[in-house]
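Below: the structure, in structure tokens.
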Amino acid sequence: MFFSSINGTNKKKIILLPHNNPDGDALGSSLALLFYFRKLKHDVDLISPTEYSEFFQWLPGIKDIIVFSEKTESIIKKKIINSDYIFFIDFNNLSRIKKLREFILSSKAKKILIDHHPFPFQFDFMFFDPKVAATSILIFKFISKMNFLEKIDKKIATCLYVGLMTDTGFFRFPSVTSETHFIAGKLIEKGININQIYNHLQEKYNINKLKLLSKALKKLKILKKFRTAYTSISSSELRNYSYKQGYTEGIVTYGLGIKNIVFSVFFFEENEKYPIKISFRSKGNFDVNMFARKHFGGGGHKNASGGLLEKSLSESIEYFLNIIPNYYNNLIFSI
Ligand code: 5GP
Ligand code: MN
């Protein structure tokens, strides 16, 4: 029923929404759908709740994204309220689209979730599977379910491959299955240049971002007893490095590179106003999704999650240091 209503015979107004500060999977998935729905001749807009990282400038179609700001607010509001379908891509919690939430709630559009994060809210239609490595896989399956695999061209395949690469850590994470590689293979058959994509994804630093990383690494602290590493960046530190969206991305992963460390945490004060954003990463069976849900009003996946705190940076770190002893057994026995 749903598929027949968007198979292209009836022009629909479609809105595509990735989450705030969209990563490679959120951007790749939504850009792929943008190209796809354009091919079906729908009236489609891709709206990002916040600016995206400048290191994704090379992605096909990225300039077509409407980024939410004071300037675009009224046009975005109109588009959302008048739409027939809104696709929620790579997230399942309305808190992750910031101010757009209000417009969504007053829109009568059918709401469709395409996502791989566990525990979603109820949407009108759900293409949801927490077992798949990336939302891009679900987009591939969505297009395949509509029997339109032939519509996946080189641009769409490139976007989906970016999602696969970034959410699997270049095909290394435990979420990778034979199906992940099967779909990657199908995308390669569309003529994508995998080496060029890899090079683009690797070129994710400029001198300021690299120096900011170095600052965070200098401040890295190890809680040996809890097999945990953590660090932080304050807003005053940001100012020294001409901070832009995306500069702190990846900092949290470095702690996990240390032998015996299974849990890495990054506290980020983007500006003097709350909240503090916290990123969690783990190796093995320590479940950071549960940890973020329980103590930081956030969520994510078992090995990668995030959350927010309405506290100062130092209070946030203190709050964390008070909780961590409760997880001694989980951390010490994590394999
Ligand atoms: P990151 O640390 O890169 O921002 O996010 C890591 C993972 O956790 C991503 O899969 C992201 O979707 C999820 N995540 C990050 N922040 C939040 C949050 O505030 N709420 C929820 N539910 N998930 C989050
Ligand atoms: Mn994802």
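What the table below lists for this structure:
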{"read-out": "Point-charge dipole on Cβ atoms (K/R +1, D/E -1) for the chain, about Cα centre, debye to 20", "value": "120"}
{"read-out": "Fraction of accessible area attributable to carbon and sulfur, the stretch 210-313 (%, probe 1.4 Å)", "value": "53"}
{"read-out": "Helical mean residue ellipticity (222 nm; -39500 (n - 2.57) per DSSP H run of 4+; nearest 500) of the chain", "value": "-10500 deg cm²/dmol"}
{"read-out": "Solvent exposure, largest accessible area first (probe 1.4 Å, DNA, RNA and ligands not counted), of Ile194, Ile317, Ile15", "value": "Ile194, Ile317, Ile15"}
{"read-out": "Taking only Cα atoms of the chain, radius of gyration then Dmax in Å", "value": "20.0, 62"}
{"read-out": "With DNA, RNA and ligands ignored, accessible area of Phe68 (1.4 Å probe; Å², nearest 10)", "value": "40"}
{"read-out": "The stretch 207-332: antiparallel DSSP beta bridges as a percent of all, rounded to 5", "value": "75"}
{"read-out": "Spatial extent of the stretch 31-98: Rg and Dmax, with the Cα atoms as the point set, Å", "value": "12.4, 32"}
{"read-out": "Solvent-accessible area of Arg96 with every protein chain in place, 1.4 Å probe, in Å² to the nearest 10", "value": "80"}
{"read-out": "Portion, in percent, of the accessible area of the stretch 2-202 that falls on carbon or sulfur, probe 1.4 Å", "value": "51"}
{"read-out": "10 Å binning of all Cα-Cα separations within the stretch 2-202, expressed as whole percents from 0 upward", "value": "9, 39, 38, 13, 1"}
{"read-out": "Rounded Å value of the spacing that divides the Cα centres of the stretch 227-261 and the stretch 104-156", "value": "31"}
{"read-out": "Mean accessible surface per residue for the chain, computed with a 1.4 Å probe while every protein chain stays in place, in Å²", "value": "48"}
{"read-out": "Cα-based helix-to-principal-axis angle, 178-188 vs the chain, degrees rounded to 10", "value": "60"}
{"read-out": "Rh (Kirkwood; distinct C-alpha pairs) - the stretch 197-303, Å", "value": "14.6"}
{"read-out": "Unit charges at the beta carbon, dipole of the stretch 206-335: most positive-side option, Ile233, Asn330, Tyr274", "value": "Asn330"}
{"read-out": "Of all DSSP beta bridges in the chain, antiparallel share, percent nearest 5", "value": "40"}
{"read-out": "Cα-centre dipole for the stretch 2-202 with unit charges at Cβ (Lys and Arg positive, Asp and Glu negative), debye to 20", "value": "640"}
{"read-out": "P(r) histogram, all alpha-carbon pairs of the stretch 242-333 included - 5 Å bins from 0, percent", "value": "3, 14, 23, 27, 20, 9, 3, 1, 0"}
{"read-out": "Accessible surface, 1.4 Å probe, highest first, among residues Leu217, Leu94, Leu113", "value": "Leu217, Leu94, Leu113"}
{"read-out": "Three-way shape call for the stretch 1-120 based on the alpha-carbon gyration tensor, with the a/c threshold at 1.5", "value": "rounded"}
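The values are calculated or read from the model by the stated rules, or taken from the named source; none is laboratory data. Computed from a prediction, not measured in an experiment: that's the story for all the values here. As a convention, Cβ positions derive from the backbone with ideal geometry for all residues, glycine included, and neighbour counts pool all protein chains shown. Areas reflect the complete protein model, heavy atoms only, side chains present, ligands, DNA and RNA absent. Shrake-Rupley method; radii C 1.70, N 1.55, O 1.52, S 1.80 Å.
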